[in-house]
1. Run down Ser71, Ser87 and say which single residue is free of Cβ contacts under 8 Å to residues at least 40 places away in the same chain, surrounded by fewer than 17 Cβ atoms within 10 Å (Cβ to Cβ) and in contact with a Leu (Cβ under 7 Å, 6 or more places away or on another chain).
2. Just give me the residues in the stretch 42-52 being within 8 Å of the chain's Cα centre (by Cα) and not aromatic (Phe, Trp, Tyr), in sequence order.
3. Show the residue pairs meeting these rules: Cβ distance below 7 Å; 6+ apart or different chains; first residue within the stretch 24-38 and in contact (Cβ under 8 Å) with a residue 24 or more places away in the chain and surrounded by 12 or more Cβ atoms within 10 Å (Cβ to Cβ); second residue among the β-branched types (Val, Ile, Thr) and in a strand (DSSP E or B).
4. Scanning the stretch 39-68 for residues that are outside any strand (DSSP E or B) and of a type in the set (Gly, Ala, Ser), which turns out surrounded by the fewest Cβ atoms within 10 Å (Cβ to Cβ)?
5. If Asp19 passes every condition in (1) more than 12 Å from the chain's Cα centre (by Cα); (2) surrounded by 12 or more Cβ atoms within 10 Å (Cβ to Cβ) but one, which one does it miss?
6. Tell me, which residue of the stretch 1-16 that is modelled with pLDDT under 90 and outside any strand (DSSP E or B) is surrounded by the fewest Cβ atoms within 10 Å (Cβ to Cβ)?
Amino acid sequence: MADLFSSTYSFFSEVPIPDHLEKLLSSKETALFAVKTVRDTAVFTDKRILIADKQGITGKKVEYATVPYKSVISYSIETAGSFDLDSEIKIYLSGGIVIQLEFLKGKKMSDLLFKVYNTITEYVIY
């Protein structure tokens, strides 16, 4: 079993919040937006990032990970250069855990990169 918190997640586009993730949200949090990953979706709320990771060949088994904004120690953003294919956000959590979020190069992905970064900033800093 892979450790979700040692993984890199590639984001492809903003999508509607899936029902199976909506059911996992607390009545005390508000879903802001969802992003498509390779096999499933990550939801950004006003309290956390909820990542669904489909596993196995059929993808019927799903592991859900929560990254509370209050656990973020620091984070960084790296934009794509001339020869880079992607940009990334690294989120550093207590215990030396690093989560890497990758975004393919392009105007729409650049907008999504900064939307994610600004969301993290809003809920970590304030």
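The values are calculated or read from the model by the stated rules, or taken from the named source; none is laboratory data. All figures in this text were calculated on a predicted structure; none of them were measured in a lab. All Cβ positions, glycine included, derive from the backbone under ideal geometry; neighbour counts span all protein chains shown.
1. Testing whether each residue is free of Cβ contacts under 8 Å to residues at least 40 places away in the same chain, surrounded by fewer than 17 Cβ atoms within 10 Å (Cβ to Cβ) and in contact with a Leu (Cβ under 7 Å, 6 or more places away or on another chain) leaves just Ser71.
2. So the first thing to find is which residues in the stretch 42-52 are within 8 Å of the chain's Cα centre (by Cα), and the list is 42-44, 49-51.
Of everything in the stretch 42-52, those that are within 8 Å of the chain's Cα centre (by Cα) and not aromatic (Phe, Trp, Tyr) turn out to be Ala42, Val43, Ile49, Leu50, Ile51.
3. Leu25/Thr45; Leu32/Thr45; Val35/Val15; Val35/Thr41; Lys36/Val15
4. Filtering first and then ranking leaves Gly56.
5. (2)
6. The selected residue is Met1.
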